[in-house]
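Asker: Next up is a structure, given as structure tokens.
The values are calculated or read from the model by the stated rules, or taken from the named source; none is laboratory data. This one's a predicted model, so the numbers in the text were calculated from it and none came from an experiment. Neighbour counts are summed over all protein chains in view; Cβ atoms, including those assigned to glycine, are modelled from backbone coordinates with ideal geometry. Remember, those area values only see protein heavy atoms, side chains included, never the ligands or the DNA or RNA. Shrake-Rupley method; radii C 1.70, N 1.55, O 1.52, S 1.80 Å.
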Amino acid sequence: MTEMLLEIRDLCKHYPLGGPGLLRRRAVPVVRAVDRVSFDIAEGETLSLVGESGCGKTTLGKTIMRAHPATSGEMRYRRADGSIVDLGRLDGAALKAAHREIRMIFQDPNGSLNPRLSVRDIVGEPLRVRRIAQGAALEKRVAELLEKVGLRPEYLHRYPHAFSGGERQRIGIARALALDPRLVVADEAVSALDVSIQAQTLNLLSDLKSEFGLTFLFIAHDLSVVRHISDRVAVMYVGRMVELAKTEALFTRPRHPYTEALMSSVPIPDPRLRRARKRIRLAGEVASPINSPSGCAFHPRCPYATEICVRDVPQLRPTGGGLAACHHAETLELAGVSHIAEGAE
Ligand SMILES: Nc1ncnc2c1ncn2[C@@H]1O[C@H](COP(=O)(O)OP(=O)(O)O)[C@@H](O)[C@H]1O
Ligand code: SF4
Ligand SMILES: [Mg+2]
């Protein structure tokens, strides 16, 4: 049986607005960037998290990484020795040990690689900081990591500006692998790359996943990117999870209208097949996480909204083998792209 690696329960990250200097006579407005999110990731699984910009994906990733404290909720993580820890409550040596197992790959390889450091120093930094290797041993390990990500080991002494965008992302991946992680949180790891380089990088990530037995939380704003690498997909809208399902089930028949709308913008290469699909234009703006609409936050943009949607918040519940937070999830016949895209590939 596959074991759970990470169990997120009712996780909230709210950013107070206005800063600490204000007199707090009234309730301070907050940005509900992540709001009562729950999900599990099984060992060896790739779970993707998708949704438009601003829906809370990065905040969720950073909360898991403890870049900032959670407002509330639990993040139970099963360590390599089998013990279960709550990532939110760890500190000192225990936090450091957990962070050796959980690493993050960032969106912008230009911004996240220090231009003044050589590849040796960038990739070797986690090894040096933790006193795992130095000198010739560190160089050997960095050269090995470069080979693993498809870069020549002699690139060790070059600086980030000497590399293309795709190569820089590989350097970021090599750095994430330096400590032999178990869970990798990849935040928009391919979003800034050209489509052909995206495909190569996704292939590299799947190869590395098999070779090192990794588990991935793969964050992207674009559903088409996650299709071929995910076991399951979670869709977020304004800080909340609105759907979670196995990848093929989600692409065949989404259960949440927001997923259907996101899917209708997945590119289809063949123009004939493209014409055959249902297009849904997402009307209006993404709702604000500060003052989100009553009831279902998606109701102002949803073509299927009824009275209950304006009034009651839909809870995430089992629907069609997955989970969906929509009052009408069982009755709506939403359109996927599976049948269309299969013919197009
Ligand atoms: N440090 C912060 N302070 C206040 N609001 C923030 C902060 N970081 C992010 N936000 C807000 O939280 C929401 C979620 O942002 P983010 O997690 O970056 O979304 P995504 O990664 O899905 O684009 C957005 O409304 C964003 O403006
Ligand atoms: S609950 Fe209503 S408004 Fe929300 S997604 Fe479902 S049908 Fe649309
Ligand atoms: Mg983001």
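Asker: Tell me, which strands (runs of 3 or more DSSP E) lie completely within the range 192-254 with 1 or more residues that are within 16 Å of ligand 1 (Cβ to nearest atom) and outside the structural domain of Lys13 (by TED's automatic domain parsing)?
Answerer: Working: elements: 215-220, 232-237, 240-246.
Per the criteria, 232-237, 240-246.
Asker: In addition: Does Asp180 satisfy the criteria of being touching a residue at least 12 places away in the same chain (Cβ under 8 Å) and under 21 Å from Met65 (Cα atoms)?
Answerer: Yes; evaluated as a whole, the condition is true for this residue.
Asker: On to the next question. Would you tally the residues in the range 283-307 being open to solvent by less than 50 Å² (accessible area, probe 1.4 Å) and of a type in the set (A, V, I, L, M, F, W, C)? So that I can check it myself, show each step before the final result.
Answerer: Taking the range 283-307 and keeping what is open to solvent by less than 50 Å² (accessible area, probe 1.4 Å), we get 287-289, 293, 295-299, 301-302, 305.
Still in the list and also of a type in the set (A, V, I, L, M, F, W, C): 287, 296-298, 302, 305.
The total comes to 6.
Asker: Can you pull out every residue in the range 40-52 that is more than 16 Å from ligand 2 (Cβ to nearest atom) and part of a loop (DSSP other than H, G, I, E, B)?
Answerer: Glu43, Gly44, Glu45
Table: residues versus (1) surrounded by fewer than 16 Cβ atoms within 10 Å (Cβ to Cβ); (2) of a type in the set (Lys, Arg); (3) within 16 Å of ligand 1 (Cβ to nearest atom); (4) assigned by TED's automatic domain parsing to the domain that holds Ala67.
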residue: Ala94; (1), (2), (3), (4): yes, no, no, yes
residue: Ala97; (1), (2), (3), (4): yes, no, no, yes
residue: Arg103; (1), (2), (3), (4): no, yes, no, yes
residue: Ser112; (1), (2), (3), (4): no, no, yes, yes
residue: Ser118; (1), (2), (3), (4): no, no, no, yes
residue: Asp121; (1), (2), (3), (4): no, no, no, yes
residue: Glu125; (1), (2), (3), (4): no, no, no, yes
residue: Arg128; (1), (2), (3), (4): yes, yes, no, yes
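Asker: Scan the range 53-80 and report the pairs whose first residue is assigned to a loop (DSSP other than H, G, I, E, B) and open to solvent by 30 Å² or more (accessible area, probe 1.4 Å) and whose second residue is small (Gly, Ala, Ser) and away from ligand 1 (no atom under 12 Å from the Cβ), with Cβ atoms within less than 9 Å and a gap of 6+ or a chain change.
Answerer: Between residues of the range 53-80 that are assigned to a loop (DSSP other than H, G, I, E, B) and open to solvent by 30 Å² or more (accessible area, probe 1.4 Å) and residues that are small (Gly, Ala, Ser) and away from ligand 1 (no atom under 12 Å from the Cβ), the close pairs are Arg66/Gly88; Arg66/Ala98; Pro69/Gly88; Ala70/Gly88; Arg79/Ala97; Arg79/Ala98.
Asker: Let me ask you something else. In the range 224-272, which residue that is surrounded by fewer than 19 Cβ atoms within 10 Å (Cβ to Cβ) and free of Cβ contacts under 8 Å to residues at least 60 places away in the same chain is nearest to the chain's Cα centre (by Cα)?
Answerer: Ranking the candidates gives His228 first.
Asker: Please work out which residue is most open to solvent (accessible area, probe 1.4 Å), limiting yourself to the range 198-213 and to residues that are hydrophobic (A, V, I, L, M, F, W, C) and free of Cβ contacts under 8 Å to residues at least 40 places away in the same chain.
Answerer: My answer is Phe212.
Asker: Taking the range 288-309 as the region of interest, how many residues are within 16 Å of ligand 1 (Cβ to nearest atom) and out of contact with any strand residue (DSSP E or B) (no Cβ under 9 Å at 6 or more places or on another chain)?
Answerer: Within the range 288-309, residues that are within 16 Å of ligand 1 (Cβ to nearest atom) and out of contact with any strand residue (DSSP E or B) (no Cβ under 9 Å at 6 or more places or on another chain) number 2.
Asker: Could you pull out the residue among Thr58, Thr46 that is closer than 20 Å to Val225 by Cβ, of a type in the set (Val, Ile, Thr) and more than 12 Å from ligand 1 (Cβ to nearest atom)?
Answerer: Thr46
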